[in-house]
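J.: Got a structure for you, written out below as structure tokens; questions coming shortly.
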Amino acid sequence: MNAALNQPAAAQSPPTIDLQAMLADAHVTEVIEQLDNELVGLAPVKQRVREIAAFLLVSRARAQVGIESEPPSMHMCFTGNPGTGKTTVAERMADILQRLGCVRRNHLVTVTRDDLVGQYIGHTAPKTREVLKRAMGGVLFIDEAYYLYRPENERDYGQEAIEILLQVMESNRNDLVVIFAGYKERMDTFFRANAGIHSRIAHHIEFPDFSCAELLQIAELMAARMHYRFDADSLATLRDYIQRRIHQPNFANARSIRNALDRARLRQANRLFARATRGTETSVDELTLIAAEDIASSRVFSPRQAD
Amino acid sequence: MHITQGTFSFLPPLTDEQISAQVEYALSKGWALSVEFTDDPHPRNTYWEMWGMPMFDIRDAAGVLYEMNACRKAYPDRYIRLNAFDATRGFETVRLSFIVNRPAEEPHFELTRAEGPGRRIQYSMRTVRPHEGAPR
């Protein structure tokens with residue numbers, strides 16, 4: 001603690017704070033670098049995470065020299081289309097916030113409407129409190145948060161859950177960081193109906209869609225993690241596949257890519273199996289290779305789908 | 001009369017910060033915390049009222065203190081204690097238990113004497129609440 005306070009012996013110049021030492025101490029740069037390396041694209045998100053990290057670090061430095069200030073409100077809202085990495089970033093966020101001393105534990109509790117809202121009168125409040133208690137000291141991630149509020153049913157208990165959430169978000173600010181996540185348009189409707197939540201969330205982060213090149217990079221990364229590889233031929237087919245898939249309905253960014261990859265693995269296994277029954281030998285190389293034909297036989301390339 | 005029982009009975013009442021530290025310790029050992037309350041601190045009154053279920057899935061002291069404060073708010077004039085239950089095989093018992101709340105005016109104990117068959121004298125202790133008045 002005292003090492004960071006770097007006061008010259010002469011005491012003539014004003015005391016300085018060694019932010020660098022604090023930065024190194026918290027190992028924040030490592031997490032941010034990891035975020036940069038392991039997550040493709042998402043430039044605005046990374047920028048915001050960096051800003052938040054800087055802000056927290058400075059707040060901590062201020063607190064250390066005794067400058068009074070309100071503890072910063074760290075509640076966040078992630079909006080973006082499906083598969084843009086909201087949950088992945090939330091997991092990293094718990095890590096970053098813990099290293100910066102904003103939350104005490106690196107733990108993330110992921111919940112949806114079902115975990116918060118009860119089925120009958122008097123069931124909601126204890127249920128919501130239970131979840132909040134479990135998340136205390138860490139990060140509470142509410143996925144598809146807009147489901148909490150259902151305007152079409154005026155007797156819906158979601159409102160009750162929202163009220164308890166708000167109350168705890170305010171009163172236990174030091175114990176808990178709440179992250180809401182959902183699709184952009186529906187979250188906007190949600191916030192319009194619950195202005196109180198919108199104003200209590202300090203950080204609204206928008207997750208952009210991935211570009212074709214980024215998706216290709218993601219595919220390679222995922223494949224490498226599963227110990228598969230592409231050759232030049234299959235990579236070209238994959239690029240073609242992604243370009244077509246983007247314009248089709250129900251495209252869910254990285255999630256669609258993962259599903260495509262899973263299906264390609266299935267076809268690869270099928271192909272190798274069929275060859276083995278014909279009596280052909282399989283080399284070790286072939287076990288890890290996803291060939292062009294594994295991707296090309298996808299439904300996306302069939303003319304009926306492509307129209 | 002300042003009634004003490006449990007783990008830190010020899011200490012002055014713990015502050016919230018100290019309670020929090022004790023809870024952190026219990027959680028780090030994997031013990032489950034629970035909140036209990038009573039209006040009768042008689043030493044033989046082992047089973048206090050439960051405030052909700054024991055908290056088996058809580059990872060941070062803030063959650064326990066949240067429940068403790070809720071109980072304090074509901075029963076400011078009762079005794080409230082925290083128990084830490086160790087589920088490890090071989091223990092399966094409360095490892096830590098201490099009082100976190102006490103009424104402003106505490107009851108005291110009174111020794112009662114009763115004569116049984118054959119002029120045998122039986123002594124027992126009775127809790128006398130503050131406004132119950134002196135016994136005849």
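The numbers here are math on the coordinates, done by the rules we state, and not lab data. Keep in mind it's a predicted model, so treat the numbers as computed, not measured. Every residue, glycine as well, gets a Cβ built from its backbone with ideal geometry; the counts of neighbours run over all protein chains shown.
J.: Which order do A:S73, A:S283, A:S234 fall in if you start with the one that has the fewest other Cβ atoms within 10 Å?
T.: Going from sparsest to densest Cβ surroundings: A:S283, A:S73, A:S234.
J.: How big, on average over all directions, is the shadow cast by the Cα convex hull of the stretch A:173-232, in nm²?
T.: Average of the hull's projected areas for the stretch A:173-232 equals 6.9 nm².
J.: Report the far tail of the P(r) of the stretch A:101-193, meaning the percent of Cα-Cα pairs longer than 17 Å.
T.: The calculated P(r) of the stretch A:101-193 puts 48 percent of pairs beyond 17 Å.
J.: Oh, and also: Among all stretches of chain B without exposed GluC sites (Glu not before Pro) (DSSP loop, at most 13 other Cβ atoms within 10 Å), which one is longest?
T.: B:1-91
J.: Between exposed GluC sites (Glu not before Pro) in chain A, where DSSP calls loop and at most 12 other Cβ atoms lie within 10 Å, what's the longest gap?
T.: A:155-280
J.: Collect residues whose amide H, placed 1.01 Å from N in the peptide plane, falls under 5 Å from the amide H of B:W51; neighbours closer than 5 in sequence don't count.
T.: B:V35, B:E36, B:F37
J.: Less than 10 Å Cβ to Cβ from A:R134, Lys/Arg counted +1 and Asp/Glu -1: what total charge do the surrounding residues give?
T.: Residues close to A:R134 contribute a combined charge of -1.
J.: In peptide B:62-73, how many Cβ atoms from other protein chains are near each Cβ within 10 Å, on average?
T.: Shielding by partners across B:62-73 averages 4.
J.: How are the Cα pair distances of the stretch A:81-236 distributed, in percent, across 5 Å bins from 0?
T.: 2, 8, 16, 18, 17, 14, 8, 7, 5, 3, 2, 0, 0
J.: Moving to a separate point now. When the distances between all Cα atoms of the stretch B:1-63 are binned every 5 Å from zero, what whole-number percent does each bin get?
T.: Bin by bin from 0 Å, the calculated values are 4, 14, 22, 24, 23, 11, 2, 0.
J.: Give me the inter-chain shielding for A:131-142: mean count of other chain Cβ atoms within 10 Å, whole number please.
T.: What the average comes to for A:131-142 is 4.
J.: For B:L96, which sequence-distant residues (separation of 5 or more, or a different chain) have an amide H within less than 5 Å of its own amide H, given hydrogens modelled in the peptide plane?
T.: Those qualifying (amide H under 5 Å, at least 5 residues apart or on another chain) are B:A84.
J.: Also: Between the stretch B:1-75 and the stretch A:231-254, what's the alpha-carbon centroid distance in Å?
T.: If we compute the Cα centre of each part, the gap is 58 Å.
J.: Taking only C-alpha pairs under 8 Å that are 6+ residues apart, what is the relative contact order of chain A in percent?
T.: Averaging sequence separation for qualifying contacts and normalising by length gives 19 percent for chain A.
J.: Sorting A:R48, A:R186 on the 10 Å Cβ count, fewest up front, what's the list?
T.: By the 10 Å Cβ count, ascending: A:R186, A:R48.
J.: Another question about this same structure. Suppose we look only past 27 Å in the calculated P(r) of chain B. What percent of the Cα-Cα pairs does that tail hold?
T.: Distances greater than 27 Å cover 29 percent of the Cα pairs.
J.: Convert 10 °C to kelvin, take the viscosity as 1.306 mPa s, use the Kirkwood radius over C-alpha pairs of the stretch A:109-149 as Rh, and evaluate the Stokes-Einstein diffusion coefficient in µm²/s, rounded to a whole number.
T.: In µm²/s, the coefficient is 152.
J.: What are the ³J(HN,Hα) values, in whole Hz, obtained from phi via the Karplus relation 6.51 cos²θ - 1.76 cosθ + 1.60 with θ = phi - 60°, for each residue of the stretch A:144-153 in sequence order, with x given for Gly and Pro?
T.: So the Karplus estimates, Gly and Pro as x, are 6, 5, 5, 5, 4, 10, 10, x, 6, 10 Hz.
J.: Tell me whether the stretch A:149-206 comes out rounded, prolate or oblate; compute the Cα gyration tensor, take square roots of the eigenvalues as a ≥ b ≥ c, and use a/c under 1.5 as the rounded threshold.
T.: Cα axes put the stretch A:149-206 in the oblate bin.
J.: Also, I was wondering about something else. The stretch A:212-306: D in µm²/s via Stokes-Einstein (Kirkwood Rh, Cα pairs, 37 °C, 0.692 mPa s)?
T.: 239
J.: DSSP loop (so not H, G, I, E, B), at most 15 other Cβ within 10 Å: list which chymotrypsin sites (Phe, Trp or Tyr not before Pro) in the stretch B:1-82 pass both filters.
T.: B:F10, B:Y47, B:F56
J.: Please give the helix B:61-74 orientation as an angle from the longest Cα principal axis of chain B, in degrees from 0 to 90, rounded to the nearest 10.
T.: That works out to roughly 40 degrees.
J.: Now a separate question. Sum -39500 (n - 2.57) across every DSSP H segment of at least 4 residues in chain B, then divide by the residue count to get the 222 nm mean residue ellipticity, nearest 500.
T.: -6500 deg cm²/dmol
J.: Output the relative contact order of chain B, whole-number percent, from Cα pairs under 8 angstrom with separation of 6+ residues.
T.: Relative contact order for chain B comes out at 24 percent.
J.: Okay, next question. Positive end of the dipole of the stretch A:141-269, charges at C-beta (+1 Lys, Arg; -1 Asp, Glu), about the Cα centre: which of A:N250, A:F190, A:A260 has its Cα farthest in that direction?
T.: A:A260
J.: Sort A:V28, A:V178 so that the residue with the fewest other Cβ atoms within 10 Å of its own Cβ comes first and the one with the most comes last.
T.: Ranked by crowding around the Cβ, least crowded first: A:V28, A:V178.
J.: Taking the alpha carbon gyration tensor of chain A, what are the square roots of 5 times its eigenvalues, largest first, to the nearest whole Å?
T.: They are 43, 29, 16 Å, listed largest first.
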